[in-house]
Each structure stands twice: as C-alpha cells, then as structure tokens.
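Below is one structure, written out as structure tokens; the observations come after it.
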Amino acid sequence: MDVAQIDQVRRFNRTVTERVGVLHDHYLGRDRPIGEARLLWEIGEQGQDVRRLRERLGLDSGYVSRLLRALERDGLVTLEPHPEDRRVRTVRLTDAGRAERATLDRRSDELAGSLLEPLNSAQRTRLVAAMAEVERLLTAATVTVDAVDPDHPDAQHCLRSYFTELQERFETGFDPARSLLPDAGDFRPPHGLFLVARLHGEPVGCAGLKLPPTAPAEIKRMWVAPHTRGLGLARRFLAELETRAAEHGRDVLRLDTNKALDAAIGLYHSFGFQEVAAFNDEPYAHHWFEKRIGKD
C-alpha cells in the first residue's frame, strides 16, 4: 500500500461519515447515537444471540453490554438468558423497540434519498454501482481465514455443506462413501492442514491441504458458500495453500475436480494450474491439475 492509497481511504472515510450523519449524537434525529440505532436494526424481528451480535458487528463485549443496557433502560429491548446456559443471552425488541426500528428505517430511507436527489440519473447510477463495489470489497476484506482442526464444528459445517452441494450438482449425485475422502489426520500437522473462512464469525468456506511425505502436496475439499462467491475467496484459498505448501518445501501442487464444476475449472486454469493425466482413482474426478510452485 502506498501513501496515496492510504490518503484516499481516509478522505473517503471522512466524506462518508460526514454525509451519513454518524458524527451526531442524535442519529437520524432520534435520541440515540448510531451505535444504539444499528443494534436495533441488527436485532431484528426474531431477536439475536448477544454473542452473535458482537461477532456480526466486531464489537467488544463491554461496549455491546453498555449499548444494550441503554436500550433496555429505554424500554426498547429485553434480555433473556438461555434456559440451558445462563451465560448465553438473547436480546429481543419490545413493541416500543419495533416502533423505534420502523422509524429509523423510514428516516434511513429518507437519508439515502437525500444523497441521491441532487444527482442526475447517470450520476446516481454511477454512485450506486460504486457503492456496491465498495461494499463487495470491504466485505471481502472482512473475511478471516484460519487453520483449524478438521473436526472443529465450523470445519464440519463447511464439509457438510460442500457434500450437499456436490450431491445437487453432480450428474450421478455424490456419495462420500465412494469418494477418496482424506482421513481427518491428513489435514492435521505435520501431514497437512485445514483452513476455514469466516465472515462475521460464521463459517463461509473451507479448503484442505495434504502433505504426504512421498507425493506432491494436494488441495482437497475446497468450498465457498454461495452467498460469498464473488469475493475472491477461492483464489485467496489457493494462494494461501500454495504458500503453505512452498513453506513445507514442496514444488508441486495438485488437485482434481468434477466436470460439473466449470467455474472451478476456469479458476484453476487462471491460477496457473495445468491439466495432467489422472494421478488418482477418484471416481468423481474428470480433470486433474498440477502447478509448479516455490520458485520465481
């Protein structure tokens, strides 16, 4: 990152905070700051687990507790402990809270309209398209990728979702019992690793790397949740696994895939993988790829 990029980001932040009114204690003309208003919106009609709220907004527990106490004091929310674990609390809107949320929604619409109204049609189109692109890129930057144990609940959630999608997309369906599924131990150091991507604390993707002692490194079970596709997460997985394989002294990276996964096939080609002869007996594979790595 260069100085000009940093300066542009800071100018953008100043402009946005000024135009959307977050510098005021009485956000949207109500008797509360934006933190409390945003919490009301996130709680929604169904209520929310307080821990989930913290993860969704990236806030520390002390600050969220202060916001919730203020909302509870104003009669806008109630807090209920979980019947089986009193450490887990659920926050719900009261009738007054729902009314306040509806008012905030209406005034948010008015604020959005005020941003667009001075612009002509072409300018509005450009601004909305630019906002969508900024949102997409900021969301992509929010995703975290961490190595976890393959038996971790988030890893297991991703694998179940992956197998379900393969069942729907493959011509023959997908039976895990027929596939060459790696042992969980193949994804634990020193034999390999397993990555999980999370967005706002929720698992949204996974990818495994096998590091067999007498064969090339191999990528297995890479999956990205449909609602996060387009954020560059699959390419990020590939880059991370390539780096990890090179750090372990490997110079070849392999993977295989099914013909139904055309977007994945295009990704592998664009990332420098070359199609090669079959190197395993995976019954669901139609394409096998290799890439030379670790050398400039």
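Counting pairs on different chains as well as pairs 8 or more places apart, how many Lys pairs in the chain have Cα atoms under 17 Å apart? Let's see the in-between values first.
Numbers: Lys210/Lys220; Lys210/Lys291; Lys220/Lys259; Lys220/Lys291.
Lysine pairs, 8 or more places apart or on different chains, close enough: 4.
Please report, ordered by residue number, every helix of the chain (full DSSP H runs) that is 27 Å or longer along its axis going by C-alpha atoms and whose mean Kyte-Doolittle hydropathy reaches -0.5. Numbers along the way, then the final one.
Working: long enough: 95-116 (32 Å, -0.74); 121-142 (32 Å, 0.25).
Span-like helices, by this rule, are 121-142.
Determine the principal axes of the Cα atoms in the chain, then give the extent along each, sorted from largest to smallest and rounded to whole angstroms.
Largest to smallest, the principal-axis extents are 66, 54, 38 Å.
May I ask you to give the percent of accessible area on region 194-260 that is carbon plus sulfur, with a probe radius of 1.4 Å? Provide the component values of the computation, followed by the final result.
Working: 1230 of 2520 Å².
Carbon plus sulfur share of accessible area: 49 percent.
Using only the Cα atoms of region 3-118, build the gyration tensor, take square roots of its eigenvalues as a ≥ b ≥ c, and label the shape rounded, prolate or oblate: rounded if a/c is under 1.5, else prolate if a/b is larger than b/c, else oblate. Numbers along the way, then the final one.
Values: a/c = 2.61, a/b = 1.55, b/c = 1.69.
Oblate shape, in that a/c is at least 1.5 and b/c is the bigger or equal ratio.
Report, in debye and to the nearest 20, how large the dipole of region 142-292 comes out about its Cα centre when Lys and Arg carry +1 and Asp and Glu carry -1 on their Cβ. Don't jump to the answer; show the numbers that get you there.
Numbers: 17 positive and 22 negative charges, 61 e Å.
Around 300 debye, computed over region 142-292.
Enter the accessible area per residue of the chain (Å², integer; probe 1.4 Å; all protein chains in place). Show your work: numbers first, answer last.
Details: 17340 Å² over 296 residues.
Result: 59 Å² of accessible area for each residue.
For region 83-182, which trypsin sites (Lys or Arg not before Pro) are both in a DSSP coil and crowded by at most 10 other Cβ atoms within 10 Å?
Loop-located and lightly packed - Arg86, Arg87.
Hey, got the dipole for region 3-118? About the Cα centre, +1 on K and R Cβ, -1 on D and E Cβ, debye to the nearest 20?
On the way: 22 positive and 21 negative charges, 68 e Å.
Charge dipole, region 3-118, about its Cα centre: 320 debye, nearest 20.
Ignoring everything except DSSP H segments at least 4 long, calculate the 222 nm mean residue ellipticity for the chain; use -39,500 (n - 2.57) per segment, divide by total residues, nearest 500.
On the way: 9 runs with 133 residues, N = 296.
Computed mean residue ellipticity for the chain: -14500 deg cm²/dmol.
The values are calculated or read from the model by the stated rules, or taken from the named source; none is laboratory data. This structure is a prediction, so every number in the text was calculated from the model and none was measured. Positions of Cβ are generated from backbone atoms using ideal geometry, with glycine treated the same way; all protein chains shown enter the neighbour counts. Note: areas computed on protein heavy atoms with side chains; ligands, DNA, RNA excluded. Shrake-Rupley method; radii C 1.70, N 1.55, O 1.52, S 1.80 Å.
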